[in-house]
Amino acid sequence: MLLNKNINMNIVVTGCSQGIGYEIANILIENKANHVIGIARNAEILKQIENKANNNFTGIPFDLSTIFRNHEQLLEKIKYRFEHIDVLINNAGMLINKPFGEYSYDEIEQLFYINLFAPAELIHILIPFMGGKSRTHIVNIGSMGGYQGSSKYNGLSWYSSSKAAIANLSESLAEEFKELNIDVNCLALGAVNSEMLSVAFPGYKAPVNPDEVGKFIADFALTGNKLFNGRIIPVALSNP
């Protein structure tokens, strides 16, 4: 049971067409007081979530790799639904697994674009809709691969570096946004049975499933900023 069940919350979630993001969106819409915008590339999956929602989910098909040139288009669609945003969950991510010397420049750019630049730009355009009189929360989904002092693995150097960057950005923005009443935290996820894990560690079976982690993230997004701000929090039973 999610907390804040009687409080209307406007929530934006990215990457909600599969894996953990899909679970986050479905858990949040169980509470009719939550109004959720889901951003993902797969319009069909977004429509499926809309069909089982209580008129409290709006899917916006959008490719975050185009956000810098198309942010006005995305912003207009968000503004049509929300005048104020209580929670932003930057869940969308990308992983490429190959030796350091074999990465192309385009692959490195893609990783940093999706894992760092796109969530940063989404935060940038949504700042005017957050904070103010009410306390609001940005949750960036990081990785144990980007958590300082954690185990590191062959083939994931650039992925881990991009996740380390979003963790550092979260700490920096938490300080910068203090006067705006916007809290920022980063959840560094460990191994979860998802499409991304199968790319990082083929054949590995994690002890945690997406629905379990999705429930934790949804709860944390709604209530975690009562206790945390500017924190990078490991969420892992194993790594991998």
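Any read-out appearing in this document is the output of simple, stated calculations on the displayed coordinates, not a laboratory observation. Please read all numbers here as calculations on a predicted model, not as lab measurements. Ideal geometry is used to build each Cβ from the backbone, glycine not excepted, and the neighbour counts take in all protein chains shown.
So here's what we get for this one:
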{"read-out": "Simple Cβ-charge dipole of the range 9-235, Lys/Arg +1 and Asp/Glu -1, about Cα centre, in debye nearest 20", "value": "360"}
{"read-out": "Cα-Cα over 20 Å, subset of LYS47/LYS77; LYS77/LYS226; LYS133/LYS226; LYS52/LYS215", "value": "LYS77/LYS226"}
{"read-out": "Chain lengthening between ILE7 and LYS215 when straightened (0.36 nm per residue, less Cα-Cα)", "value": "73.1 nm"}
{"read-out": "Fewest-first sequence of LEU88, LEU169 by Cβ atoms within 10 Å of each Cβ", "value": "LEU169, LEU88"}
{"read-out": "Förster radius 25 Å - calculated FRET efficiency between ASN168 and LYS226, Cβ distance, rounded to 0.05", "value": "0.60"}
{"read-out": "Within straight-line cross-link reach of LYS205, aspartates and glutamates at Cα separation under 13 Å, skipping those fewer than 8 residues along the same chain", "value": "GLU195"}
{"read-out": "Sites matching trypsin sites (Lys or Arg not before Pro) across the range 158-240 that sit in DSSP coil, with at most 16 neighbouring C-beta atoms within 10 Å", "value": "LYS205"}
{"read-out": "Order of VAL12, VAL87 - criterion: other Cβ atoms within 10 Å of each residue's Cβ, fewest first", "value": "VAL87, VAL12"}
{"read-out": "The chain: DSSP helices with Cα axial extent of at least 18 Å and average Kyte-Doolittle hydropathy no lower than -1.0", "value": "157-176, 210-223"}
{"read-out": "For the range 9-235: relative contact order, % (alpha-carbon pairs under 8 angstrom, 6 or more apart)", "value": "21"}
{"read-out": "Two-site label geometry, LYS79 and SER104: point separation in nm, points 7 Å out along Cα→Cβ", "value": "3.7"}
